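Below: the structure, in structure tokens.
The values are calculated or read from the model by the stated rules, or taken from the named source; none is laboratory data. Since the structure is predicted, the reported quantities are computational estimates derived from the model, not experimental observations. Using ideal geometry, Cβ is built from the backbone for each residue, glycine included, and neighbour counts are taken over all protein chains shown.
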Amino acid sequence: MDIDFRQNSLRELAAAVRTKVVSARELAAVALARIDALNPTVNAFVAVDAERALEQAAAVDQIVSAGGDPGPLAGIPIGVKDLEDAAGFRTSHGSALWADDPEAEHDSVLVARLRAAGCVVVGKTNTPEFGWTAKTDNALFGATRNPWNLDHTPGGSSGGTAAALAAGMVPLATGSDGGGSIRIPAACCGLSGMKTSMGRVPSGGPRPPDWPGLSAKGPMARRIEDVVRALDVVVAPEPTDLRSLPRPEASWLAALDDPHPPSKVIWAPTLGYATVDAEVLAICERALSVLESLGTDVIVVDDVFDKDPIGSWLTLTGVYLLRSLDERASRPGAAAIDPGLAFLMDHARPVTGREVAEALDDCHRVNLRLVELFGEARILLTPTCAGLAPPLALGGQGLVNGVETPNWVAFTYPFNMSGSPAASVNAGFSESGLPVGLQMVGPAHGDLVVLRTAAALEAALGFDRLAPVG
């Protein structure tokens, strides 16, 4: 069997391991070889443990040899975002303040469930310091580069994961999304990414969550079928997570057997406040025309929100980051904190409890508006990002119609505030060859309708181009 993680599905790879067509050890060896060859250029992985990975893979093969079932993701090599605990690896959060922490003794809930399903952890993927921004760069490990164009960022904060997937280093890895951090790098790297409803993929564990009520964890892969296959083993209640939801009654995997486009969608090209790059907008509108040709009724509603909710989102994230980081601010390494992160923390210091409550009130109002909107159609479509993946030379700024702006990611954070399920699929490519994402958002707990729409769009648009680095 010829193994290419960019073209073999998780179903194919796991079935090959279970039927002894290939061994889990062979899959791990391929992943390790790909990382060894490509990571010096892309810088997607910040830690790799080849010996431990091969031992895990050998244990999977032993179960198969004994006639047992190692799980639905048998032998799948995975990366773990460096905000997430994986036993035997340090969780550095991309920060010098955590650089000397001991290795994690236990997996996070997400990693433990993936490992129990047969996955093999090969290493940790890069993230901006504490996942605070949409470019993946930090003083500890440096910048991750986009496999579609090495002079550009893969987005963030799950940029190491997205770059590893686009380059074919691994077929599956973990991400998290507190303001777009799965959807943005998915769009920048030509992947299908999914932020599930708050509580679908539980956090839990001994520590309180870093961004409570905003951040959703989850698996990332190149295509939506693989995302759903991994979600199938991690979506379930967790008693240590206050927000965890019951397991869905309907099978998400079964729903993808016959993807069909929705009967109608809402298209909001600016959400009422965003400026969109003309090329991005044109590519998204071409994707919409494909939907229309299949019979989908597209309803244009551009005044979704009467103001940009970023102020309230920044209030909450600033307070959460201050809570997480301030206790270590006197330690060695504090001088290396990203200046933008330090600014956000300083901005949060005078924030009052009343202001936090008012920001949470805005989350409620965002959701109320969506409830009203979903009375017209159950899917809202927008561009995933307002601009293309920015050049690394801009230092975190983006470009929208040639103008530098920090908010080239204006379309994602409202749906963290509402806890809505939201996905991104590849809508096409710019003239320079960079991917463009189309975002779809569903009603509260309406993950299934989002996944069905994502699968239908993938099938209709038919893009399966491979990144030039890989």
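Let me confirm something: among Ala87, Ala33, Ala29, which residue is hydrophobic (A, V, I, L, M, F, W, C), without any contact (Cβ under 8 Å) to a residue 40 or more places away in the chain and in contact with a His (Cβ under 6 Å, 6 or more places away or on another chain)?
Answer to the check: Ala87.
Check the stretch 77-87 and report whether any residue there is closer than 28 Å to Leu253 by Cβ, surrounded by 18 or more Cβ atoms within 10 Å (Cβ to Cβ) and among the basic types (Lys, Arg).
Yes, the stretch 77-87 has at least one match.
Residues Asp302, Asp257, Asp277, Asp297: which one is among the acidic types (Asp, Glu), surrounded by fewer than 20 Cβ atoms within 10 Å (Cβ to Cβ) and within 25 Å of the chain's Cα centre (by Cα)?
Asp257
Residues being part of a helix (DSSP H, G or I) and of a type in the set (Asp, Glu): count how many of those fall in the stretch 229-258. Quick ask: steps written out before the conclusion?
Here is the first cut: in the stretch 229-258, the residues part of a helix (DSSP H, G or I) are 229-234, 252-255.
Then keep just the ones that are of a type in the set (Asp, Glu); that gives 232.
The total comes to 1.
Of all residues in the stretch 273-313, which are touching a residue at least 24 places away in the same chain (Cβ under 8 Å) and charged (D, E, K, R)?
Asp277, Glu279, Arg286, Asp297, Asp302, Asp303, Asp306, Lys307, Asp308
Select from the stretch 92-146 the residues that are under 18 Å from the mean Cα position of the chain (by Cα) and β-branched (Val, Ile, Thr) and write down the one among them that is farthest from Ala53 (Cα to Cα).
Among those that are under 18 Å from the mean Cα position of the chain (by Cα) and β-branched (Val, Ile, Thr), it is Thr133.
Please tell me if Thr352 is among the β-branched types (Val, Ile, Thr), exposed (fewer than 12 other Cβ atoms within 10 Å of the Cβ) and more than 26 Å from His93 (Cβ to Cβ).
Values: among the β-branched types (Val, Ile, Thr): yes; exposed (fewer than 12 other Cβ atoms within 10 Å of the Cβ): yes; more than 26 Å from His93 (Cβ to Cβ): yes.
For Thr352, the condition - among the β-branched types (Val, Ile, Thr), exposed (fewer than 12 other Cβ atoms within 10 Å of the Cβ) and more than 26 Å from His93 (Cβ to Cβ) - is met.
Pick from the stretch 199-226 the residues that are among the hydrophobic types (A, V, I, L, M, F, W, C) and touching a Leu at 6+ places or on another chain (Cβ under 8 Å): which of them is surrounded by the fewest Cβ atoms within 10 Å (Cβ to Cβ)?
In this case the residue turns out to be Leu214.
For residues that are surrounded by fewer than 19 Cβ atoms within 10 Å (Cβ to Cβ), under 30 Å from Pro70 (Cα atoms) and not basic (Lys, Arg), tally how many sit in the stretch 89-111. Let's see the steps before the verdict.
Step one: filter the stretch 89-111 for residues surrounded by fewer than 19 Cβ atoms within 10 Å (Cβ to Cβ), giving 90, 99-106.
Subset that is under 30 Å from Pro70 (Cα atoms): 90, 102-106.
After this cut, where a residue has to be not basic (Lys, Arg) as well, the list is 102-106.
Final tally of qualifying residues: 5.
Taking Glu249 as meeting all but one of (1) within 22 Å of the chain's Cα centre (by Cα); (2) more than 30 Å from Ser430 (Cα to Cα); (3) modelled with pLDDT under 95, write down the number of the exception.
The number of the failed condition is (1).
Just one of the numbered conditions (1) closer than 27 Å to Leu457 by Cβ; (2) touching a residue at least 60 places away in the same chain (Cβ under 8 Å) is not true of Asp258; which one?
Of everything listed in (1) closer than 27 Å to Leu457 by Cβ; (2) touching a residue at least 60 places away in the same chain (Cβ under 8 Å), Asp258 misses just condition (2).
Please state which one of Ser176, Ser157 is touching a helix residue (DSSP H, G or I) at 6+ places or on another chain (Cβ under 7 Å), in a loop (DSSP other than H, G, I, E, B), crowded, with 24+ Cβ neighbours inside 10 Å and at pLDDT 95 or above. Let's see the steps before the verdict.
Values: Ser176 fails: in a loop (DSSP other than H, G, I, E, B).
Sole residue among the options that is touching a helix residue (DSSP H, G or I) at 6+ places or on another chain (Cβ under 7 Å), in a loop (DSSP other than H, G, I, E, B), crowded, with 24+ Cβ neighbours inside 10 Å and at pLDDT 95 or above: Ser157.
If Ala15 satisfies every condition in (1) small (Gly, Ala, Ser); (2) out of contact with any Lys or Arg (no Cβ under 8 Å at 6 or more places or on another chain); (3) buried (at least 23 other Cβ atoms within 10 Å of the Cβ) but one, which is the exception?
(3)
If Gly190 satisfies every condition in (1) at pLDDT 95 or above; (2) in contact with a strand residue (DSSP E or B) (Cβ under 8 Å, 6 or more places away or on another chain); (3) among the small types (Gly, Ala, Ser); (4) on the phi < 0 side of the Ramachandran plot but one, which is the exception?
Of (1) at pLDDT 95 or above; (2) in contact with a strand residue (DSSP E or B) (Cβ under 8 Å, 6 or more places away or on another chain); (3) among the small types (Gly, Ala, Ser); (4) on the phi < 0 side of the Ramachandran plot, only one is false for Gly190: (4).
Inspect all residues belonging to the stretch 402-409 and state whether any of them is more than 15 Å from the chain's Cα centre (by Cα), in contact (Cβ under 8 Å) with a residue 60 or more places away in the chain, under 14 Å from Pro185 (Cα atoms) and surrounded by 24 or more Cβ atoms within 10 Å (Cβ to Cβ).
Yes: the stretch 402-409 contains one or more residues that are more than 15 Å from the chain's Cα centre (by Cα), in contact (Cβ under 8 Å) with a residue 60 or more places away in the chain, under 14 Å from Pro185 (Cα atoms) and surrounded by 24 or more Cβ atoms within 10 Å (Cβ to Cβ).
Looking at the stretch 449-463 only, could you name the residues that are surrounded by fewer than 17 Cβ atoms within 10 Å (Cβ to Cβ) and farther than 18 Å from Arg183 by Cα?
So the first thing to find is which residues in the stretch 449-463 are surrounded by fewer than 17 Cβ atoms within 10 Å (Cβ to Cβ), and the list is 459, 462-463.
Across the stretch 449-463, the qualifying residues are Ala459, Gly462.
Just to be sure I understand, how many residues within the stretch 299-319 are out of contact with any Leu (no Cβ under 6 Å at 6 or more places or on another chain) and either under 16 Å from Asp338 (Cα atoms) or of a type in the set (Val, Ile, Thr) (or both)? Quick ask: steps written out before the conclusion?
Of the residues in the stretch 299-319, the ones out of contact with any Leu (no Cβ under 6 Å at 6 or more places or on another chain) are 299-303, 306-317, 319.
The next check asks that each one be either under 16 Å from Asp338 (Cα atoms) or of a type in the set (Val, Ile, Thr) (or both); those that pass are 299-301, 310, 315, 317, 319.
Looking only at that region, the number is 7.
For Gly396, which of the numbered conditions (1) surrounded by fewer than 20 Cβ atoms within 10 Å (Cβ to Cβ); (2) touching a residue at least 24 places away in the same chain (Cβ under 8 Å); (3) under 26 Å from Glu292 (Cβ atoms) fails to hold?
(3)
Please work out if Leu214 is at pLDDT 95 or above, in a loop (DSSP other than H, G, I, E, B), of a type outside the set (Gly, Ala, Ser) and touching a helix residue (DSSP H, G or I) at 6+ places or on another chain (Cβ under 8 Å). If you could, list the steps in order and put the result at the bottom.
Numbers: at pLDDT 95 or above: yes; in a loop (DSSP other than H, G, I, E, B): yes; of a type outside the set (Gly, Ala, Ser): yes; touching a helix residue (DSSP H, G or I) at 6+ places or on another chain (Cβ under 8 Å): yes.
Criteria met by Leu214.
When only residues in the stretch 70-125 that are hydroxyl-bearing (Ser, Thr, Tyr) and touching a Gly at 6+ places or on another chain (Cβ under 9 Å) count, which is farthest from Val233 (Cα to Cα)? Don't jump to the end; show me each part of the working.
Within the stretch 70-125, the subset hydroxyl-bearing (Ser, Thr, Tyr) is 91-92, 95, 108, 125.
In the following step, the residues that additionally are touching a Gly at 6+ places or on another chain (Cβ under 9 Å) were identified as 95, 108, 125.
Working: Ser95: 30, Ser108: 14, Thr125: 21 Å.
My answer is Ser95.
Please find, within the stretch 433-448, the residue that is surrounded by the fewest Cβ atoms within 10 Å (Cβ to Cβ) out of those that are in contact with a helix residue (DSSP H, G or I) (Cβ under 9 Å, 6 or more places away or on another chain) and farther than 14 Å from Cys284 by Cα. Steps first, answer last, please.
The first filter runs over the stretch 433-448 and keeps only residues in contact with a helix residue (DSSP H, G or I) (Cβ under 9 Å, 6 or more places away or on another chain), leaving 434-444, 447-448.
Applying the additional criterion that residues be farther than 14 Å from Cys284 by Cα yields 441-444, 447-448.
Details: Val441: 29, Gly442: 24, Pro443: 21, Ala444: 15, Asp447: 27, Leu448: 18.
Checked the stretch 433-448; the qualifying residue surrounded by the fewest Cβ atoms within 10 Å (Cβ to Cβ) is Ala444.
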